[in-house]
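Notes follow once the structure below has been shown.
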Amino acid sequence: MMKKTAIAPANIALIKYWGKRDASLNLPLNSSFSMNLSELSTTTTIQFRQLKKDEISLDGHDATTEDRERVVRHLDRIRKIAGTSFRARVVSRNTFPTGVGIASSASGFAALTLAATRALGLRLSEKQLSLLARRGSGSACRSVPDGFVEWVVGKRDEDSYAFSLHPPDFWDIHDVVVLVSRRMKKVTSTEGHSLAPTSPFFQVRLRDIPRRLSLLKKALKEKDFSTFGRVVEEEALNMHAVMMTSSPPLLYWEPVTLKVMLLVFQMRDEGLQAYVTLDAGPTVHVICQANDAERLARKLRTVEGVIAVIDNKPGKGARVVEEHLF
Ligand code: PMV
């Protein structure tokens with residue numbers, strides 16, 4: 001059987017997906033918007049064969065029981081579409097170490113979906129791939145298309161998918177990713193989504209998302225960086241306010257997270273245009289214009305407690321590559 005390899009980027013949510021209307025299908029309660037990251041990605045090689053069970057290696061180790069179950073469930077969905085019972089050998093590698101506060105589920109499930117469907121000879125459209133990747137992890141649907149991506153909330157399973165609004169070279173803005181912790185997060189995003197509606201602020205947040213999303217898209221189209229940045233930062237703090245006020249409360253920040261955020265605010269007061277956003281973890285994403293990225297990264301590396309700083313441009317979506325991992 002064919003061996004196929006795919007690469008898919010991580011993405012940073014600029015308008016966040018937080019809260020599901022259907023947990024088994026990963027259907028969201030709101031539309032979201034993201035940018036793919038050029039330097040953070042997962043590469044996955046897969047080959048279906050006559051094996052007793054799926055063999056899954058993630059970053060050089062056998063997958064944990066939990067990761068394994070999630071991957072096997074996704075492979076089962078793909079096997080069903082292709083009408084095969086072959087098991088698979090899966091080898092997957094991230095360009096970033098696991099457990100340092102960068103989620104690998106988006107890039108991981110996008111790469112797995114593309115590699116597995118191609119290895120079985122399926123030729124799915126980008127929309128079909130996005131729909132399928134969503135079943136593995138919601139945000140993975142946004143790692144399939146290129147560049148700046150919208151995931152529409154949709155009415156049904158078949159119309160909740162992501163598409164590219166602009167290619168990566170549309171606007172040279174950067175996401176300077178600041179890693180501040182090696183600790184694995186205590187509450188996964190899967191658990192977090194289910195807590196979202198317990199926050200008294202959640203309904204207010206949901207009502208305001210369409211306004212914020214259209215403001216963001218307009219600022220992007222007009223390349224109005226200060227409006228864009230303001231919306232991105234406001235959105236991140238809004239989601240974290242919902243997290244902190246859910247019950248039980250979720251506080252993803254570490255002391256260094258706050259230190260980095262305050263430094264960015266201070267640099268902005270001094271004239272450098274940079275804005276922060278954070279997903280479900282302590283990692284700070286600093287959004288800035290290309291010209292400022294290097295200076296910003298250099299400064300952020302001097303903060304005590306910062307583990308690594310990775311400068312990203314807007315990136316391509318999931319694609320097949322020729323070099324295999326085994
Ligand atoms: O795809 P999940 O279930 O890991 O959820 C991702 C949630 C956030 O990263 C916090 C927001 C987002 O839209 O990516």
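Per-residue answers, yes or no, for (1) in the same structural domain as Leu40 (by TED's automatic domain parsing); (2) over 30 Å from Ile46 (Cβ atoms); (3) not acidic (Asp, Glu):
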residue	(1), (2), (3)
Asp224	no, yes, no
Glu234	no, yes, no
Glu254	no, yes, no
Leu258	no, yes, yes
Gly281	no, no, yes
Asp292	no, yes, no
Lys299	no, yes, yes
Ile307	no, yes, yes
Phe326	no, no, yes
Count - residues of the range 132-148 that are away from the ligand (no atom under 11 Å from the Cβ) and in contact with a strand residue (DSSP E or B) (Cβ under 8 Å, 6 or more places away or on another chain):
5
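Quick grid of which residues meet (1) of a type in the set (A, V, I, L, M, F, W, C); (2) in contact with a strand residue (DSSP E or B) (Cβ under 7 Å, 6 or more places away or on another chain); (3) at negative phi:
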{"position": "Leu25", "(1), (2), (3)": "yes, no, yes"}
{"position": "Leu37", "(1), (2), (3)": "yes, yes, yes"}
{"position": "Leu40", "(1), (2), (3)": "yes, yes, yes"}
{"position": "Thr45", "(1), (2), (3)": "no, yes, yes"}
{"position": "Arg73", "(1), (2), (3)": "no, no, yes"}
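Return the residues of the range 1-17 that are within 16 Å of the ligand (Cβ to nearest atom) and open to solvent by 10 Å² or more (accessible area, probe 1.4 Å); say none if nothing qualifies.
Of the residues in the range 1-17, the ones within 16 Å of the ligand (Cβ to nearest atom) are 8-17.
Within the range 1-17, Asn11, Tyr17 qualify.
Return the residues of the range 85-95 that are open to solvent by 40 Å² or more (accessible area, probe 1.4 Å) and not in a loop (DSSP other than H, G, I, E, B); say none if nothing qualifies.
So in the range 85-95, the residues open to solvent by 40 Å² or more (accessible area, probe 1.4 Å) come out as 85-87, 89, 93, 95.
Result: Arg87, Arg89, Arg93.
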Subset tally (residues that are in contact (Cβ under 8 Å) with a residue 60 or more places away in the chain and in a helix (DSSP H, G or I)) for the range 142-165
3
Somewhere in the range 66-73, is a residue at pLDDT below 95, out of contact with any helix residue (DSSP H, G or I) (no Cβ under 6 Å at 6 or more places or on another chain), of a type outside the set (Lys, Arg) and surrounded by 17 or more Cβ atoms within 10 Å (Cβ to Cβ)?
yes
Would you confirm, using the coordinates I've provided, whether Lys53 is assigned by TED's automatic domain parsing to the domain that holds Trp151, assigned to a loop (DSSP other than H, G, I, E, B) and more than 16 Å from the ligand (Cβ to nearest atom)?
yes
Residue list for the range 174-190, restricted to those being surrounded by fewer than 16 Cβ atoms within 10 Å (Cβ to Cβ) and near the ligand (Cβ under 10 Å from one of its atoms):
Thr188, Thr190
Looking at Ala103, Ala82, Ala110 in this structure, which one is surrounded by fewer than 23 Cβ atoms within 10 Å (Cβ to Cβ), among the aliphatic types (A, V, I, L, M) and within 14 Å of the ligand (Cβ to nearest atom)?
Ala103
Selected residue (only one of Thr113, Thr117 is of a type in the set (S, T, N, Q) and touching a Gly at 6+ places or on another chain (Cβ under 9 Å)):
Thr113
I'd like to know if the range 57-65 contains one or more residues that are at positive phi and more than 16 Å from the ligand (Cβ to nearest atom).
yes
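The values are calculated or read from the model by the stated rules, or taken from the named source; none is laboratory data. For clarity, every value in this text was computed on a predicted model and none was experimentally measured. Glycine also receives a Cβ, built like all others from the backbone with ideal geometry; neighbour counts cover every protein chain displayed. Only protein heavy atoms, including side chains, enter the accessible area calculation; ligands, DNA and RNA are left aside. Shrake-Rupley method; radii C 1.70, N 1.55, O 1.52, S 1.80 Å.
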